[in-house]
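Starting off with a structure, shown below.
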Amino acid sequence: MSILSKLFGSSAKAEKVARELLRSVTQGNPSASSQPSAPQRTQASPAPQPAAADLGPSGESWGPIMPAEENQYNFGGTYIQYFEQIFRTEFSSYRLENAMTRDGKRTVFTFWDGTRKALVVELLFSSSASAKLRQNCAAQGVPYLRFYYDHPGWWNTRSYVVKRVRNALA
């Protein structure tokens with residue numbers, strides 16, 4: 001991001017430009033990089049799929065091409081709604097609480113099994129250096145996960161989110 005930061009100023013603006021560039025490449029729309037991003041995501045049309053050799057290395061939920069599977073970017077709502085919908089449908093046996101932190105930059109979901117805190121999931125900026133919640137959970141013996149919602153190429157596909165949460169709850 002340092003090159004983009006030098007070109008566009010603040011790192012937040014550089015990250016926004018990088019997200020828009022990535023979105024325009026994955027959706028095959030070169031003019032999208034000049035359009036402002038909306039906080040609410042709309043349903044995206046499927047991106048053309050290049051040959052496997054053109055993709056480069058990819059993981060289950062990351063890589064240069066948006067996967068066809070439901071993910072936070074092709075979901076018809078905000079990233080918070082996306083994660084909450086997965087948590088409520090896939091893990092309905094747990095009571096779920098969510099809260100936005102005072103700084104408004106992080107959202108915390110807590111899974112409860114009766115009166116026992118079963119899991120804490122934090123959604124945050126990829127550039128966040130926040131570690132207090134993770135440390136508190138470790139001290140309490142409570143499983144902790146974090147998902148970055150703004151990292152270019154990290155799609156947070158449904159299967160990836162479900163698998164990580166299921167493993168943490170096991």
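What follows draws every value from the coordinates through simple rules; no lab data is involved. Treat the numbers as computed from the prediction; the structure is a model and nothing was measured. Here the Cβ is made from the backbone with ideal geometry for all residues, glycine too, and neighbour counts use every protein chain on show.
Please enumerate the residues belonging to the range 94-113 that are touching a residue at least 12 places away in the same chain (Cβ under 8 Å) and not hydrophobic (A, V, I, L, M, F, W, C).
Those that are touching a residue at least 12 places away in the same chain (Cβ under 8 Å) and not hydrophobic (A, V, I, L, M, F, W, C): TYR94, ARG95, GLU97, ASN98, LYS105, ARG106, THR107, THR110, ASP113.
Moving on. Sort out which residues of the range 126-158 are in contact (Cβ under 8 Å) with a residue 60 or more places away in the chain and among the hydrophobic types (A, V, I, L, M, F, W, C), and write them in order of number.
Passing the criteria: PHE147, TRP154, TRP155.
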